[in-house]
Amino acid sequence: MKKIETVNKSRRPSEQKPWLKFYSEENLRQSLPACTAYTYLKQANQDHLNSPALCYYGKKISYAQLFENIDACANAFAALGVKQGDIVSFVSVAVPECVAAIYALNKLGATANTIDPRMDKDSIRRMVQESGSSVLVIIGMVFPKIEPIMGEIHQKHIIVQSAARSLPLGKKIAMKIASPEKIRYNGDYLMDWDTFLGKGKGVTAVEAPYVGDATMAIAYTGGTTGFPKGVMLTNDSVNAVSYNFKYAGLYIKPGDRFLGIIPVFTSYGMVCGMHMPLCMGFELILIPRFVPATIGKLVKNYRPNHMISTPAFYETLMQSKEMKNFDLSFLITMGSGGDTMNEGLEGKLHAFMKAHNIRYPLAQGYGMSELSAAASFCVNDIYKAGSVGIPSITTTVSVFDPDTGEEKNIGEEGEICVTGPSMMKGYYNRPEETDYVMRRHDDGQIWVHSGDIGYMDEDGFLFIKGRVKRMITRFDGHKVFPVNIESMVTENPVVRNSCVIGVDDREHSQGQYPLVVVELADVADFESVCRNIYDECQTRLEERGRPVAVIAVDSIPLTGSGKNDYRTLEIQYAQFDYVSWAQR
C-alpha cells in the first residue's frame, strides 16, 4: 500500500492524523454511501447476483435469492402493518430468515430490536416492553422463555423462525426428528415463518426513503456504565463501518468466504459479522449457535478466507486437534476484537499462524458497540505487536485527559475518544446516559468516550493499556458489570456492604471472573451465609454474569471519599483460587 507522507507540527493525534499515510490517495477520495443499509447491500452486489451470499450448513443462498427473501419478508411485515419508524423485536440467531428479516425492516424504514436469546425471561420481557414493539420474531428454541411472558409483553404478532427451515434436506429431517417442535400456533397471533410469509402474497412493500440517522437496529450492551442499554445503530453508522473495511486496502475479492461466529444480536456481529462481509460480496458462513470447542472443525471444513473472533476463541483454535499439521494458507485475514488480547496470547498466536502458513499477522482491532463495533484495525502487514491498529479511514481517534478533558500529545496516555460517522445515534430512551458517553468537545465535534486508557504512537497505531470504567471482561469477551451483582447481593439483610471485583481466570490465558466480597453483620456462620448468597446468584443471575465465589471480610476498604476501594481488593485477590473455594 502506498504511503502518503504528511507534514504537521502538531503533536495532537486529532490534528496530525498520522495514520492517513497508510491509505492510498484513491481510497481517501471516495465518498461515504448516502443510502439505507439495504440499498448499500443491493448496490454492492448488483454485478454478482448469482454468487453465494449465505452458506447455511452447506446450503448455498445466492445474492439474488437473498434479495428475493428480503423482499418477501418486507411484503409480509407490511401486510402486518409494520411501517417506517416502527420497532420489531427479535429474540433470534443467525439463521437465513433472521438475516433477511433485518434487512426487510430496514427496507421499510423500521428498526430491529435485537435481544440475546440467552437472556433470562425477565430481561427479555423488559427489553421488549421498553422498545414499544408490537411484533416479535423469535427462534423456536427460545419459545419456552417466551410462553410464560406472552401475556405481559402485549405483542400483536409473534412470529417463529425455525433453525431447520433452510437446512439441506437430510439435515432438516434429522433435526426435526431430534428436536420436534411443540408450539401450538394460533392464527395471526402466534404463527410460523411460512404462515408469516404467506401474509405478504399480493402485497408490495414500499421502500422507505433514505434517512441517514434512521435507526436500523438496537443492539444491547452494558455501554460504559451500569445496566444493559440499547445502542441505536443507524443507516450511516453501519454503512460507514462497511465502507471503512472496503477502502482499508485489505486483500479481498467478491466470493471470498467469511466465517461468521459472532452473534448477530450484538453490534459486533451485526455490523462486522453480517453487514460488512455481505457488502463486500463475500459468502457468509452462518453459524447460528457457535460452540467454541468446534472452531477448529469449522475452520477446517469451511476453509474461510476471512474471519473475526475474540481472543479467547483463537486460543481454543490453537488447541484444537483439527489444526494439528493443518495448512491454513487459505486464511487471509484473522481479525480479533471484542476484547484486548494480552501480549502472551498474541505471541503464541503469531507463532501458530506462522507454523500454519498464514501470510499476514493478526488483524487486531478496537471498537465498541457505541461505534458500530469498529474504530481501528490492523490491515495486512500494517501491524505492530501489542497494537489494535490504526483508525479506520473515516474515523478520528485521540486521547484525552479524563479529568481535564485536554487532548494529550502523541505517546501520552489518556482516555481514548473517537469521533466519526460510525458513532451510534445514542442509547434508546436513555438521554442522560447518551450525554455521558457522547460529549461535545471544544472543537465542536461529538466524541464517544470509551472509558479505556491508552495512547497513540508516531505512526498512528493505537495501544490499549487499561480501563477507566469498572467492568469485568470474561475470557470469551463477555462484559460483567459489578453493579448488577452488588445490587442483588446487598438485598440480603445481613450484608452491610458488598464489592464485586475481577479475579484472574485460572483456566484460560486471559480474562477474569467476578468475585463477591461482602461485609456481613454479626452472624454465627459466615461461611454458610456466603454459600447461600452464592447459591442465590446462581439462581437469579444470567449464566455468564454469575460470580465464582463469595467471601466475607471484616471490613471492605474505602477510598478517601468513602467509596469502596475496589482497586485494593483487586490487587489483594487477583490470584484468588476460586476452584479450591468451590470444592470446600
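The values are calculated or read from the model by the stated rules, or taken from the named source; none is laboratory data. Predicted, not measured: the structure shown is a model, and the values here were computed from it. Cβ placement follows ideal geometry from the backbone for every residue including glycine, while neighbour counts extend to all protein chains displayed.
The rows are residues; the columns are (1) hydroxyl-bearing (Ser, Thr, Tyr); (2) touching a Pro at 6+ places or on another chain (Cβ under 6 Å); (3) in a loop (DSSP other than H, G, I, E, B); (4) more than 30 Å from Thr39 (Cα to Cα).
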| site | (1), (2), (3), (4) |
| --- | --- |
| Ser133 | yes, no, yes, no |
| Gln155 | no, no, yes, no |
| Lys171 | no, no, no, yes |
| Met175 | no, no, no, yes |
| Arg184 | no, no, yes, yes |
| Met191 | no, no, no, no |
| Thr195 | yes, no, no, no |
| Val211 | no, no, yes, no |
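Does Pro557 satisfy the condition of being within 18 Å of Ala582 (Cα to Cα) and outside the structural domain of Asn342 (by TED's automatic domain parsing)? Before you say what the answer is, go through the steps one by one.
Working: within 18 Å of Ala582 (Cα to Cα): no; outside the structural domain of Asn342 (by TED's automatic domain parsing): yes.
Considered against the rule, which asks whether it is within 18 Å of Ala582 (Cα to Cα) and outside the structural domain of Asn342 (by TED's automatic domain parsing), Pro557 comes out as no.
If the condition is being touching a Ser or Thr at 6+ places or on another chain (Cβ under 9 Å), farther than 17 Å from Arg11 by Cβ and assigned to a loop (DSSP other than H, G, I, E, B), then the stretch 379-413 contributes Asn380, Ser387, Val388, Gly389, Ser392, Thr394, Thr395.
Does Asp236 satisfy the criteria of being touching a residue at least 24 places away in the same chain (Cβ under 8 Å) and touching a strand residue (DSSP E or B) at 6+ places or on another chain (Cβ under 7 Å)?
Working: touching a residue at least 24 places away in the same chain (Cβ under 8 Å): yes; touching a strand residue (DSSP E or B) at 6+ places or on another chain (Cβ under 7 Å): no.
Against the criterion (touching a residue at least 24 places away in the same chain (Cβ under 8 Å) and touching a strand residue (DSSP E or B) at 6+ places or on another chain (Cβ under 7 Å)), Asp236 does not qualify.
For the stretch 100-123, filtered to residues that are modelled with pLDDT under 95 and in a helix (DSSP H, G or I), the residue that is surrounded by the most Cβ atoms within 10 Å (Cβ to Cβ) is Ser123. Could you tell me which residue of the stretch 24-67 is surrounded by the fewest Cβ atoms within 10 Å (Cβ to Cβ), considering only residues that are among the charged types (D, E, K, R) and in a loop (DSSP other than H, G, I, E, B)? Per the stated criteria, the residue is Arg29.
Per-residue answers, yes or no, for (1) of a type outside the set (D, E, K, R); (2) surrounded by fewer than 17 Cβ atoms within 10 Å (Cβ to Cβ); (3) under 27 Å from the mean Cα position of the chain (by Cα):
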| residue | (1), (2), (3) |
| --- | --- |
| Val135 | yes, no, yes |
| Gly140 | yes, no, yes |
| Pro144 | yes, yes, yes |
| Ser166 | yes, no, yes |
| Gly170 | yes, yes, no |
| Ile173 | yes, yes, no |
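Considering the stretch 459-549, there are no qualifying strands (runs of 3 or more DSSP E) wholly inside with 3 or more residues that are in contact (Cβ under 8 Å) with a residue 40 or more places away in the chain, surrounded by fewer than 17 Cβ atoms within 10 Å (Cβ to Cβ) and β-branched (Val, Ile, Thr).
Return a yes/no flag: does the stretch 374-386 have any residue that is free of Cβ contacts under 8 Å to residues at least 60 places away in the same chain, surrounded by fewer than 23 Cβ atoms within 10 Å (Cβ to Cβ) and closer than 22 Å to Glu26 by Cα. Walk me through how you get there before you give the answer.
Initially, the stretch 374-386 is screened for residues free of Cβ contacts under 8 Å to residues at least 60 places away in the same chain, giving 375, 378, 381, 383, 385.
Checking which are surrounded by fewer than 23 Cβ atoms within 10 Å (Cβ to Cβ) leaves us with 381, 383, 385.
Next, only the ones that are closer than 22 Å to Glu26 by Cα stay: 381, 383.
Within the stretch 374-386 (the criterion being free of Cβ contacts under 8 Å to residues at least 60 places away in the same chain, surrounded by fewer than 23 Cβ atoms within 10 Å (Cβ to Cβ) and closer than 22 Å to Glu26 by Cα), the answer is yes, since at least one residue qualifies.
Within the stretch 391-412, identify whether any single residue is out of contact with any Cys (no Cβ under 8 Å at 6 or more places or on another chain), on the phi > 0 side of the Ramachandran plot and modelled with pLDDT under 95, and answer yes or no. Scanning the stretch 391-412 turns up at least one residue that is out of contact with any Cys (no Cβ under 8 Å at 6 or more places or on another chain), on the phi > 0 side of the Ramachandran plot and modelled with pLDDT under 95. Considering the conditions (1) crowded, with 24+ Cβ neighbours inside 10 Å; (2) not in a loop (DSSP other than H, G, I, E, B), Phe265 is excluded by exactly one of them, (2).
Right, Met456: hydrophobic (A, V, I, L, M, F, W, C), closer than 26 Å to Met119 by Cα and assigned by TED's automatic domain parsing to the domain that holds Ile393 or not?
Values: hydrophobic (A, V, I, L, M, F, W, C): yes; closer than 26 Å to Met119 by Cα: no; assigned by TED's automatic domain parsing to the domain that holds Ile393: yes.
Here the answer is no, as Met456 does not meet what is asked.
Under the condition of being at pLDDT below 95, surrounded by 13 or more Cβ atoms within 10 Å (Cβ to Cβ) and outside any helix (DSSP H, G or I), the residues counted in the stretch 7-23 number 2.
Can you confirm whether Phe326 is aromatic (Phe, Trp, Tyr), part of a loop (DSSP other than H, G, I, E, B) and either on the phi > 0 side of the Ramachandran plot or out of contact with any Lys or Arg (no Cβ under 8 Å at 6 or more places or on another chain) (or both)? Answer is no for this residue. For the stretch 225-244, state whether one or more residues are surrounded by 14 or more Cβ atoms within 10 Å (Cβ to Cβ), in contact with a Leu (Cβ under 9 Å, 6 or more places away or on another chain), part of a loop (DSSP other than H, G, I, E, B) and not aromatic (Phe, Trp, Tyr). The answer is no, given that none of the residues of the stretch 225-244 is surrounded by 14 or more Cβ atoms within 10 Å (Cβ to Cβ), in contact with a Leu (Cβ under 9 Å, 6 or more places away or on another chain), part of a loop (DSSP other than H, G, I, E, B) and not aromatic (Phe, Trp, Tyr).
Whenever a residue of the stretch 161-175 is free of Cβ contacts under 8 Å to residues at least 12 places away in the same chain, its partners that are surrounded by fewer than 20 Cβ atoms within 10 Å (Cβ to Cβ) and in a loop (DSSP other than H, G, I, E, B), lying with C-beta atoms within less than 6 angstrom and at least six residues away or across chains, give the pairs Lys172/Ala164. Scanning the stretch 285-319 for residues that are touching a Lys or Arg at 6+ places or on another chain (Cβ under 8 Å) and not in a helix (DSSP H, G or I), we see that the one that is farthest from Ser376 (Cα to Cα) is Arg303. Checked against (1) within 30 Å of Thr395 (Cα to Cα); (2) out of contact with any strand residue (DSSP E or B) (no Cβ under 9 Å at 6 or more places or on another chain); (3) not charged (D, E, K, R), Gln445 meets all criteria but (2).
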